[in-house]
Amino acid sequence: MMTQASLTIGEGVALISVERPEALNALNRDIVDQIDVLIDRVAEDESVRCLILHSDRNFAAGADIKAMASCDEEGAKAFCFSPTYNKLTRLSVPVIAAIEGYALGGGMELALTADIRIAGESAKMGFPEVTLGIFPGAGGTIRAPKLIGEALAKELIFTGDPIDADRALSIGLVNKVVDDDQVLETAMKMAKRIARRGPVAVRMAKDVINRGLLDNNVEKGTELEAEQWAKLFNTEDQKEGMKAFMEKRKPEFRNR
Ligand code: CO8
């Protein structure tokens, strides 16, 4: 297996990065499995006070369409990233997503697992799933409405249109927009500030906020979402949507 996800730890801050530039850091099962192991290492390391998710140039242009295209329902269930993404929500220390370029589909959903998002000017964020005949299957239908409200989440999920950094800031999808070359540095500075605060208090604050906001239905919600999501892999529209992407043409959906 090729190593495409890496972890570095220093000064109380952990950094997980994906390196698959040839596919704009699109995420496949192998990479997400690697991220899963790295999250466990972060969770076990008492020196870590904050985790940053950042990849060069593009955060992640989604789940790997080529790897998903021929999945059936069972294959789609096995491909689903939610068990790993939910680990990030449960991680006791804060998580910051530092977003350059594309954060789409499963990449956007990874960014949504973070507690705080910092975007570069070039960021393009959204849920293009419906252009492929599927819908977000790794927490997007649960976390996006909580973060930006029902109507805006539905707009993004139903249209599939990406939004730029300024719109993302205006709807509270990201906390801050900075120059692209400042994204990681800004996240690092914030992480180090957090690292200097009372660690027990920060952890407890995250836990209490999450329990109030999320816990009642993140696990249940993502289970339902994954179940319905996998069913889409029985449809002709999913096959057509993903085939059209690979053939670089517009899909012809037939509503079946
Ligand atoms: N999967 C696989 N390959 C990809 C992906 C992807 N998501 N995104 C980009 N690539 C590949 C392209 O196929 C291309 O490869 P090649 O050179 O071999 O043709 C290479 O990366 C560069 O991409 P482009 O040439 O397309 O670059 P452009 O700058 O022209 O366009 C875009 C950039 C607009 C980002 C375009 O690449 C694009 O539309 N990508 C797909 C975006 C997308 O639809 N993402 C959502 C995928 S579905 C998803 O994430 C489902 C989440 C559900 C999660 C549930 C658990 C899995």
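Rule-based calculations on the coordinates, nothing more; no lab input. Keep in mind that this is a model prediction, so the values were computed, not measured. Note: ideal-geometry Cβ built from the backbone for every residue, glycine included; neighbour counts use all protein chains shown.
Of all segments of the chain bounded by GluC sites (Glu not before Pro) found in a DSSP loop with no more than 15 other C-beta atoms within 10 Å, the longest spans 122-246. Placing dummy labels 7 Å off each Cα toward the beta-carbon, the span from ALA67 to LEU147 is 2.1 nm. With only Cα atoms counted, the chain has Rg and Dmax values of 17.4, 56 Å. Seen through its C-alpha gyration tensor, with square-root eigenvalues sorted a ≥ b ≥ c, the stretch 74-114 comes out oblate because a/c lies at 1.5 or above while a/b is not bigger than b/c. Find out how many positive minus negative residues lie around GLU73, taking Lys and Arg as positive, Asp and Glu as negative, among other residues whose Cβ is under 11 Å from that of GLU73. Neighbour charge sum, excluding GLU73 itself: -1.
The stretch 169-211 and the stretch 1-29 have their alpha-carbon centroids 19 Å apart.
Taking the stretch 5-195 as the region of interest, the number of lysine pairs whose Cα atoms are within less than 28 Å, with members eight or more places apart or on different chains, is 26. Total lysine pairs in the stretch 198-246 at Cα distances under 29 Å, for residues eight or more apart or on different chains: 5. All other residues whose Cβ lies under 13 angstrom from that of PRO162 are scored, Lys and Arg at +1 and Asp and Glu at -1, for a net of -3.
Charge tally around PHE233: other residues with Cβ under 15 Å, Lys/Arg +1 each, Asp/Glu -1 each, net -3. Bridging of LYS248 to aspartates and glutamates at a Cα separation below 19 Å is possible for GLU22, ASP64, GLU129, ASP161, GLU236, ASP237, GLU240, once same-chain residues fewer than 8 apart are set aside. Annotation note: trypsin sites (Lys or Arg not before Pro) in the stretch 24-87 located in DSSP loop regions with a Cβ neighbour count of at most 13 within 10 Å are ARG57. For the stretch 5-195, the share of DSSP beta bridges that are antiparallel, to the nearest 5, is 30%. The angle between the Cα long axis of helix 150-159 and the main principal axis of the chain comes to about 50°, on a 0 to 90 degree scale.
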